[in-house]
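Quick notes on the structure that follows.
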Amino acid sequence: MGGLDLSGKTAIVTGASRSIGLAIARSLAGAGASVVLTAREQESADAAAQQFTGDAVGFGAHAVDEDAARQCMAFTTEKFGGIDILVNNAGTNPAYGPVIDQDHARFAKTFDVNLWAPVLWTSLAVGAGLGDGGGSVINTASLGGFVVEPDLGIYNASKAALVHLTKQLAFELSPDVRANAIAPGVVRTRLAEALWRDHEDALSNSFPLGRIGEPADIGSAVAFLACDAASWITGETLTIDGGALLGDASDRKRVAAGV
C-alpha cells in the first residue's frame with residue numbers, strides 16, 4: 001500500500017465489533033498491521049476478529065473498565081511484542097433529546113465512554129510502551145463536535161471535548177506519540193441510523209459529494225493517520241463528511257440541472 005504500509009505494527013481498536021470500528025480494524029489490517037479488536041463481550045470481539053485473514057484477535061473489554069483495559073494492554077504486548085497504534089473508537093449516546101431533559105446518569109455515561117475512556121486507554125497504552133518506537137493515537141470524534149443540532153447536545157458536547165482533548169494529548173505526548181482525531185459526518189451505521197434511514201436520498205443530495213458516508217471511508221482515513229505518511233501530523237481533527245460543513249448543495253445541484 002505504499003505510504004500506507006503498517007507492516008510490523010500492532011494496533012488496538014476499541015469498539016471494533018461492527019460498523020466504523022470494524023472498518024477501521026479492517027483498514028489497519030489491510031495495511032499490514034496486527035490488530036486487537038475490543039468489544040464489550042468476548043463473543044462479539046471474537047466474531048469480529050474471525051472475519052480477518054491476518055493477525056487479528058478479539059478481546060472482551062468494556063471501554064470504561066480499567067481492569068479489562070489493563071488486561072488488554074498486557075495481552076497485546078505479550079502476543080505481539082508491543083503497541084504502536086491505539087484507536088479510541090468506542091462511543092455511546094444514551095442522552096438523546098434536549099440537554100435540559102437529561103439526567104446525570106445519562107450525562108455521566110456519555111462522557112465516561114466518549115471522553116474518559118480515551119484518556120484511560122491512552123494512559124495505559126503509553127505505560128505499556130506505545131511511544132517507544134513512535135506511537136499513534138487516533139480518537140473517533142464526530143462532525144457533531146463542531147455544530148449545534150436538535151437532540152444531540154450531550155453527545156456533541158462530549159465529542160467537542162474529545163477534539164480538544166486530542167490537542168492536549170498531542171501536546172503532552174510529543175514527540176514520542178502523535179495524537180489525532182477523526183470527525184465523521186453521517187455514516188451508514190446503526191448508531192446513526194435515525195439520521196439517514198427515512199430520508200437518505202434527500203440527505204445525500206444535500207452533500208456536495210452526493211452520498212452519505214460508508215464505514216470504509218472512515219477506516220481509510222484512520223489508516224492514513226496511523227502510518228508514516230502522516231508522520232508530521234499531530235493534534236489535528238480530520239473531518240470526513242462528504243462536504244457537509246460546506247453547506248447544503250441541493251439548490252446548487254437543482255440550478256445546475258436546470259430545475
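Among the residues of the range 12-33, is any in contact with an Asp or Glu (Cβ under 9 Å, 6 or more places away or on another chain) and farther than 22 Å from residue 217 by Cβ? Within the range 12-33, none of the residues are in contact with an Asp or Glu (Cβ under 9 Å, 6 or more places away or on another chain) and farther than 22 Å from residue 217 by Cβ.
Remark: residue 157 matches the filter, which requires a residue to be out of contact with any strand residue (DSSP E or B) (no Cβ under 9 Å at 6 or more places or on another chain), buried (at least 19 other Cβ atoms within 10 Å of the Cβ) and modelled with pLDDT of 95 or more. What's the number of the condition residue 209 fails, among (1) of a type in the set (A, V, I, L, M); (2) in a loop (DSSP other than H, G, I, E, B); (3) buried (at least 19 other Cβ atoms within 10 Å of the Cβ)? With (1) of a type in the set (A, V, I, L, M); (2) in a loop (DSSP other than H, G, I, E, B); (3) buried (at least 19 other Cβ atoms within 10 Å of the Cβ) applied to residue 209, the lone miss is (3).
Take residue 57 and decide whether it is farther than 25 Å from residue 141 by Cβ, at pLDDT 95 or above, crowded, with 16+ Cβ neighbours inside 10 Å and in contact with a helix residue (DSSP H, G or I) (Cβ under 6 Å, 6 or more places away or on another chain). Working first, answer last.
Numbers: farther than 25 Å from residue 141 by Cβ: yes; at pLDDT 95 or above: yes; crowded, with 16+ Cβ neighbours inside 10 Å: yes; in contact with a helix residue (DSSP H, G or I) (Cβ under 6 Å, 6 or more places away or on another chain): yes.
The answer is yes for residue 57.
Per this entry, residue 221 is counted among residues that are touching a Leu at 6+ places or on another chain (Cβ under 9 Å) and assigned to a helix (DSSP H, G or I).
Scan the range 22-30 and tell me whether some residue there is of a type in the set (S, T, N, Q), on the phi < 0 side of the Ramachandran plot and either part of a loop (DSSP other than H, G, I, E, B) or in contact with a Cys (Cβ under 8 Å, 6 or more places away or on another chain) (or both). Even if it seems obvious, please write down each step before you answer.
From the range 22-30, those of a type in the set (S, T, N, Q) are 27; that's our starting set.
From what's left, on the phi < 0 side of the Ramachandran plot: 27.
Still in the list and also either part of a loop (DSSP other than H, G, I, E, B) or in contact with a Cys (Cβ under 8 Å, 6 or more places away or on another chain) (or both): none.
So far as the range 22-30 goes, no, none of its residues is of a type in the set (S, T, N, Q), on the phi < 0 side of the Ramachandran plot and either part of a loop (DSSP other than H, G, I, E, B) or in contact with a Cys (Cβ under 8 Å, 6 or more places away or on another chain) (or both).
Applying a threshold of 7 Å to beta carbon distances and a minimum spacing of six or more residues, or different chains, the list of pairs starting in the range 61-88 at a residue that is in contact (Cβ under 8 Å) with a residue 24 or more places away in the chain and ending at one that is part of a loop (DSSP other than H, G, I, E, B) and among the acidic types (Asp, Glu) reads 82/132. Residues of the range 112-160 that are in contact (Cβ under 8 Å) with a residue 60 or more places away in the chain and of a type in the set (Ser, Thr, Tyr): 136, 140, 155. Considering the range 52-91, the residues that are of a type in the set (Phe, Trp, Tyr) and outside any loop (DSSP other than H, G, I, E, B) include one that is farthest from residue 159 (Cα to Cα), namely 80.
Residue 95 passes every criterion in (1) crowded, with 21+ Cβ neighbours inside 10 Å; (2) touching a Pro at 6+ places or on another chain (Cβ under 6 Å); (3) over 23 Å from residue 177 (Cβ atoms) apart from (2).
Yes or no, residue by residue, for (1) under 27 Å from residue 144 (Cβ atoms); (2) of a type in the set (Gly, Ala, Ser); (3) at pLDDT 95 or above:
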{"position": "12", "(1), (2), (3)": "yes, no, yes"}
{"position": "31", "(1), (2), (3)": "no, yes, yes"}
{"position": "61", "(1), (2), (3)": "yes, yes, yes"}
{"position": "67", "(1), (2), (3)": "no, no, yes"}
{"position": "72", "(1), (2), (3)": "no, no, yes"}
{"position": "92", "(1), (2), (3)": "yes, no, yes"}
{"position": "105", "(1), (2), (3)": "yes, yes, yes"}
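Would it be correct to say that residue 170 is part of a helix (DSSP H, G or I), surrounded by fewer than 21 Cβ atoms within 10 Å (Cβ to Cβ) and at pLDDT 95 or above? In short, yes.
Only residues that are part of a helix (DSSP H, G or I) and at pLDDT below 95 were counted in the range 173-205, giving 10.
Would you be able to say whether some residue in the range 160-173 is closer than 18 Å to residue 9 by Cβ and charged (D, E, K, R)? Write out each step before concluding.
Of all residues in the range 160-173, those closer than 18 Å to residue 9 by Cβ come to 173.
Adding the requirement that they be charged (D, E, K, R) leaves none.
No, the range 160-173 contains no residue that is closer than 18 Å to residue 9 by Cβ and charged (D, E, K, R).
The values are calculated or read from the model by the stated rules, or taken from the named source; none is laboratory data. Keep in mind that this is a model prediction, so the values were computed, not measured. Glycine also receives a Cβ, built like all others from the backbone with ideal geometry; neighbour counts cover every protein chain displayed.
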